[in-house]
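The values are calculated or read from the model by the stated rules, or taken from the named source; none is laboratory data. Predicted model only: the values in this text are computed from it and were never measured. Note: ideal-geometry Cβ built from the backbone for every residue, glycine included; neighbour counts use all protein chains shown.
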């Protein structure tokens with residue numbers, strides 16, 4: 001017998017979308033969250049110059065790169081981590097899985113909506129998953145009360161909270177007060193927190209706060225090059241361990257890494273040294289991206305809200321989480337009873353690719369979907385961003401989505 005492990009919905013939808021494009025169908029790619037921005041030119045050049053590096057690095061990663069990462073995140077938002085507590089791997093995704101594998105048995109607390117891989121990874125690691133409910137009214141944020149309630153009903157001695165902000169699939173973040181309240185509950189129960197801050201550098205106001213600043217005792221911050229540096233396929237992630245964590249955790253992570261991925265690709269590590277060399281030199285590149293992403297996100301949000309779709313304005317990253325609850329009666333009259341069926345109808349009728357809310361931890365009947373607003377080519381850095389000129393596929397896709405809703 002084999003394990004039943006479904007393919008990641010985000011990767012699956014990207015493959016299916018490409019098939020439609022190959023068939024010459026008009027498709028609006030809102031399903032896959034891949035940054036359209038290219039890495040800075042000096043980072044690209046560094047990767048090209050590093051092809052001579054065919055050796056393995058240590059499992060933990062190049063020492064100089066770890067120094068750069070620790071200093072970079074301190075410069076960015078004051079996150080304090082020693083280089084010896086930084087782990088580098090081929091993507092933050094494998095680091096999160098390694099963290100879950102390093103713990104023998106735990107309750108893994110996952111807010112809904114949440115990134116599609118948290119739940120499957122926790123289940124593969126043999127943990128008990130507890131879904132934390134959220135609501136439109138609470139901006140899809142978990143509250144301290146909800147976290148407290150979940151912890152009191154746990155089944156295992158250990159508990160792990162996975163926090164992701166700015167969030168995938170919602171594009172929203174947490175305030176200082178919200179983080180402080182969540183940290184208080186985490187501290188009270190001594191839980192481990194995996195704070196997935198892969199979109200932290202794409203906070204639209206450039207005011208991202210790391211959870212480890214409020215709960216340094218047992219927080220692991222995960223990040224990487226894929227989002228802010230536009231280098232998803234390069235596969236370079238990092239985990240920043242707080243000093244209060246047990247040394248045994250780091251030992252377990254290095255052991256797991258040594259038996260699985262061995263090390264991150266060394267040429268990519270060499271290029272990452274340039275990317276992480278100094279936050280001050282990369283700051284304008286990041287702010288250029290966030291200015292464009294904020295403009296696109298708010299354009300999409302305004303159009304969708306005017307059409308009656310419930311959606312909160314984005315605060316980071318490049319996602320919107322759409323709530324079609326106001327159209328539930330019309331959807332039922334058309335025989336559409338699940339978010340998957342809704343997204344299939346949108347794809348078939350309008351060529352609009354969305355990812356159904358079921359993939360993010362909701363019941364199948366909840367009519368929600370994620371929209372990734374990255375279907376555009378990287379614009380010149382010295383021009384103001386214009387939707388029609390630089391993002392015609394996004395404006396066309398939003399128009400098609402709005403027309404579909406109005407015809408329900």
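Miscellaneous remarks
- The sole residue among 363, 315 that is within 21 Å of residue 110 (Cβ to Cβ) and surrounded by fewer than 15 Cβ atoms within 10 Å (Cβ to Cβ) is 363.
- Among residues of region 329-341, those that are touching a strand residue (DSSP E or B) at 6+ places or on another chain (Cβ under 8 Å) and either at pLDDT 95 or above or not in a helix (DSSP H, G or I) (or both), counted: 1
- Residue in region 136-153 that is under 23 Å from residue 320 (Cα atoms) and in a strand (DSSP E or B) present: no
- Residue 186 being more than 17 Å from residue 76 (Cα to Cα), modelled with pLDDT of 95 or more and over 15 Å from the mean Cα position of the chain (by Cα): yes
- Residues that are in a loop (DSSP other than H, G, I, E, B) and in contact with a helix residue (DSSP H, G or I) (Cβ under 7 Å, 6 or more places away or on another chain) were ranked within region 192-212; the one that is nearest to residue 271 (Cα to Cα) is 198.
Okay, residues lined up against (1) surrounded by fewer than 23 Cβ atoms within 10 Å (Cβ to Cβ); (2) within 29 Å of residue 42 (Cα to Cα); (3) free of Cβ contacts under 8 Å to residues at least 24 places away in the same chain:
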residue	(1), (2), (3)
212	no, no, no
222	no, yes, no
239	no, yes, no
266	yes, yes, no
270	yes, yes, no
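- Against the criterion of being assigned by TED's automatic domain parsing to the domain that holds residue 32, outside any loop (DSSP other than H, G, I, E, B) and touching a helix residue (DSSP H, G or I) at 6+ places or on another chain (Cβ under 6 Å), residue 359 qualifies.
- Unmet criterion (only one of (1) assigned to a helix (DSSP H, G or I); (2) more than 27 Å from residue 322 (Cα to Cα)) for residue 96: (2)
- Of the residues examined, residue 255 is one that is over 19 Å from residue 38 (Cα atoms), outside the structural domain of residue 394 (by TED's automatic domain parsing) and at pLDDT 95 or above.
- Scan of region 57-83 for residues that are in a loop (DSSP other than H, G, I, E, B), touching a strand residue (DSSP E or B) at 6+ places or on another chain (Cβ under 8 Å) and within 21 Å of residue 214 (Cβ to Cβ), ordered by number: 79, 81
Residues checked against (1) more than 25 Å from residue 228 (Cα to Cα); (2) at pLDDT below 95:
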site	(1), (2)
1	yes, yes
28	no, yes
61	no, no
85	no, no
88	no, no
102	yes, no
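- Cβ-Cβ distances below 9 Å connect the following pairs, each with a first residue in region 290-318 that is without any contact (Cβ under 8 Å) to a residue 12 or more places away in the chain, a second residue that is assigned to a loop (DSSP other than H, G, I, E, B) and buried (at least 20 other Cβ atoms within 10 Å of the Cβ), and a separation of six or more residues or different chains: 305/311.
- Hits in region 213-248 - residues which are in contact with a helix residue (DSSP H, G or I) (Cβ under 6 Å, 6 or more places away or on another chain) and assigned to a helix (DSSP H, G or I): 234
- Breaking point among (1) within 23 Å of residue 116 (Cα to Cα); (2) out of contact with any strand residue (DSSP E or B) (no Cβ under 8 Å at 6 or more places or on another chain); (3) surrounded by fewer than 19 Cβ atoms within 10 Å (Cβ to Cβ), for residue 384: (1)
- Complete set of residues in region 290-311 that are within 16 Å of residue 396 (Cα to Cα) and not in a helix (DSSP H, G or I): 307
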